Amino acid sequence: MTGSANSLQHARNYGLFINGTETETEAVSQRFCPGTGEHVATFASGTAGDALDAIAVARRTFEERVWSRKNGPQRSHVLLRLAELMRENAEYLARIEAEEVGKPVKLARGDVAASIAMVEHAAALAQTASGEAVDNVNPDVVSLVVREPAGVIGMITPWNFPLLQLSQKLPYALAAGCTAVIKPAEITAGSTVEMARFCKQAGVPDGVVNVVTGRGSVVGNTIAASPDVDVLSFTGSTEVGARITEVSAATTKRLSMELGGKAAAVVLPDADLEQAANGVVFGAIFNSGECCVATTRLIVHESIADELISRVIEIMGRVRVGPPLDDDSEVGAMIHEAHLESVLGYIEKGVAEGGTILLGGNRLIDGAHASGFYVEPTIIDGVKRGDTIFQEEIFGPVLAVTRFATVEEAAELVNAVDYGLANTIWSAGIQTAIPLAKRLRSGSVWVNTTLENAPQMPTGGLKRSGYGREMGTAGYEEFTEPKTITLRLKAAEPFFGI
Ligand code: NAD
């Protein structure tokens, strides 16, 4: 897709951000909005050498204790200033996310607000988090368990929530006193470079936050393989996560893996069907379905299935699919043409394997949709546990429906996938919902709500959805190392030579 000469003048230009300085490179990549085809950004294509430079800067800055020697309240003040800058530029950041990802600006505004909340939460942790004293083991001994910054953090992020995913990592690492080398997805890097600029403006010293844009196989691979990176916090596909695990193995660095998902919503017979129907639609098409915790499977009790499904069809049928900057749009464009084709391919496969399309199923090409990669919100009924669309991550607005007869069967169906990120239960009875929630093998379970998150709540996966947690105190601790310092208060009796 090519942009017009006029739109080129308005495209944002981003260099590499290393040691507080932004530099342009000869090799660049262009980003065209997937919803309109307009040229929206030019990104530097970093090399392996650029990544090594950034890692060396982050290492040196960490060893010189430029940032970690500041006390918690000082780091907190800088983070609060960062949050303020983000708030002052909230509409601009939302526009970047909408244009580069193709998501509705109304959702992008929510991403920015949630990201600000995370920076503020990290600022609170910088003020309050501290180590512990173990003094109940021996009256003559006290151990101080201090929390030290984990060092240089590599951060590799995906394209679906560029700012939000970064905000689940960077502020917490900064709160802990770490330095960072960040590699955003190559097609949606704008907000990450903007954040590096804001960090500098807020008072984060040069060399603490470094961004190298470019390809995963080049820049990301270099970060994974580097012995100078202490922790690698990765969010992306299970396939790439596995490759990173292999590449980084020789360095024994600590990994945090936020990978793919295949979330289900279970609707039990006693559920409030109107609430459940609204929740299922929200979960299925939020962020155009390009969401790791999207409700991609509806597992519904056979006694209420027809009624619930007709409500879901009615609500989903009213959803407005449109250009990202249109305030009325509720579902945007797919990230690029190859992904659109992949989503349409899954729909075809769902039908080929015996499913029935109840809604949607096609690319949208009329009017405002003509210059973008839009797909209709789609519902496919009659999906069985062995089917491809039951098992694989589709990452589009496609809901697969499967019916069940007993709660036992519902639990088995939810768990019958490789992933374990998040699931939802709709039921009025806590005596059914809570035991079921405990049986579901996922890092999060929502009951009578869905996709409801806050910075205080840790999130992460089980099984092939990865390991490690982001946000909450657990997320902060991923960027720290506990060190035990043991003090003897009274001399010990000699052990040898008496
Ligand atoms: P991806 O795995 O293709 O890319 C993620 C990042 O890894 C990008 O920055 C990419 O450039 C980089 N990368 C690619 N190859 C690499 C390599 N060989 N070495 C190092 N880095 C490499 O994922 P994506 O398509 O950008 O994002 C979609 C995926 O992310 C989905 O699977 C989704 O479920 C997952 N995701 C998970 C979460 C979560 O919290 N668990 C959140 C958002 C997205």
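The figures follow:
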read-out: Residue in region 478-491 that is within 16 Å of the ligand (Cβ to nearest atom) and without any contact (Cβ under 8 Å) to a residue 24 or more places away in the chain present; value: no
read-out: Filtered residues of region 467-498 (kept if of a type in the set (A, V, I, L, M, F, W, C) and open to solvent by 50 Å² or more (accessible area, probe 1.4 Å)); value: 485, 487, 489, 491, 492, 495, 496, 498
read-out: Flag if residue 451 is within 15 Å of the ligand (Cβ to nearest atom), in contact (Cβ under 8 Å) with a residue 24 or more places away in the chain, open to solvent by less than 70 Å² (accessible area, probe 1.4 Å) and of a type outside the set (Lys, Arg); value: yes
read-out: Options 385, 441, 464, 403: the member that is modelled with pLDDT of 95 or more and farther than 25 Å from residue 290 by Cβ; value: 403
read-out: Residue list for region 227-237, restricted to those being in a loop (DSSP other than H, G, I, E, B) and either open to solvent by less than 10 Å² (accessible area, probe 1.4 Å) or near the ligand (Cβ under 10 Å from one of its atoms) (or both); value: 229, 236, 237
read-out: Close pairs (6 angstrom Cβ cut-off, 6 or more residues apart or separate chains): assigned to a loop (DSSP other than H, G, I, E, B) in region 324-342, hydroxyl-bearing (Ser, Thr, Tyr) anywhere; value: 332/288; 333/374
read-out: Given (1) outside any loop (DSSP other than H, G, I, E, B); (2) within 23 Å of residue 477 (Cβ to Cβ), index of the condition residue 240 fails; value: (2)
read-out: Region 271-295 residues that are within 14 Å of the ligand (Cβ to nearest atom), paired with ones that are assigned to a helix (DSSP H, G or I) and not charged (D, E, K, R) (beta carbon under 7 Å, 6 or more apart); value: 287/107; 294/283; 294/284; 294/286; 295/280; 295/283; 295/284
read-out: Subset of region 43-60 [more than 17 Å from residue 221 (Cβ to Cβ), surrounded by 18 or more Cβ atoms within 10 Å (Cβ to Cβ) and not hydrophobic (A, V, I, L, M, F, W, C)]; value: 59
read-out: Unmet requirement for residue 265, which otherwise passes all of (1) free of Cβ contacts under 8 Å to residues at least 12 places away in the same chain; (2) in a strand (DSSP E or B); value: (1)
read-out: Condition met for residue 422 (within 24 Å of the chain's Cα centre (by Cα) and more than 30 Å from residue 32 (Cβ to Cβ)); value: yes
read-out: Residue check for residue 412: crowded, with 16+ Cβ neighbours inside 10 Å and either free of Cβ contacts under 8 Å to residues at least 24 places away in the same chain or under 19 Å from residue 345 (Cα atoms) (or both); value: no
read-out: Single residue of 473, 459 found to be outside the structural domain of residue 236 (by TED's automatic domain parsing), of a type in the set (Ser, Thr, Tyr) and under 30 Å from residue 68 (Cα atoms); value: 459
read-out: Some residue of region 48-71 being within 25 Å of residue 291 (Cβ to Cβ) and either touching a Ser or Thr at 6+ places or on another chain (Cβ under 9 Å) or not in a helix (DSSP H, G or I) (or both); value: no
read-out: Meets criteria (aromatic (Phe, Trp, Tyr) and open to solvent by 40 Å² or more (accessible area, probe 1.4 Å)) for residue 32; value: yes
read-out: Single residue of 245, 251 found to be free of Cβ contacts under 8 Å to residues at least 60 places away in the same chain, away from the ligand (no atom under 12 Å from the Cβ) and open to solvent by 10 Å² or more (accessible area, probe 1.4 Å); value: 251
read-out: Subset of region 454-466 [out of contact with any Phe, Trp or Tyr (no Cβ under 7 Å at 6 or more places or on another chain), closer than 19 Å to residue 391 by Cα and open to solvent by 30 Å² or more (accessible area, probe 1.4 Å)]; value: 462
read-out: Checklist (1) open to solvent by 10 Å² or more (accessible area, probe 1.4 Å); (2) assigned by TED's automatic domain parsing to the domain that holds residue 330; (3) away from the ligand (no atom under 16 Å from the Cβ) applied to residue 305, failing item; value: (1)
read-out: Selected residue (criterion: farthest from residue 283 (Cα to Cα)) from residues of region 377-393 that are open to solvent by 50 Å² or more (accessible area, probe 1.4 Å) and either without any contact (Cβ under 8 Å) to a residue 60 or more places away in the chain or in a strand (DSSP E or B) (or both); value: 386
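The values are calculated or read from the model by the stated rules, or taken from the named source; none is laboratory data. Source: prediction; values computed, not measured. Here the Cβ is made from the backbone with ideal geometry for all residues, glycine too, and neighbour counts use every protein chain on show. The accessibility values were calculated without ligands, DNA or RNA, using every heavy atom of the protein model including side chains. Shrake-Rupley method; radii C 1.70, N 1.55, O 1.52, S 1.80 Å.
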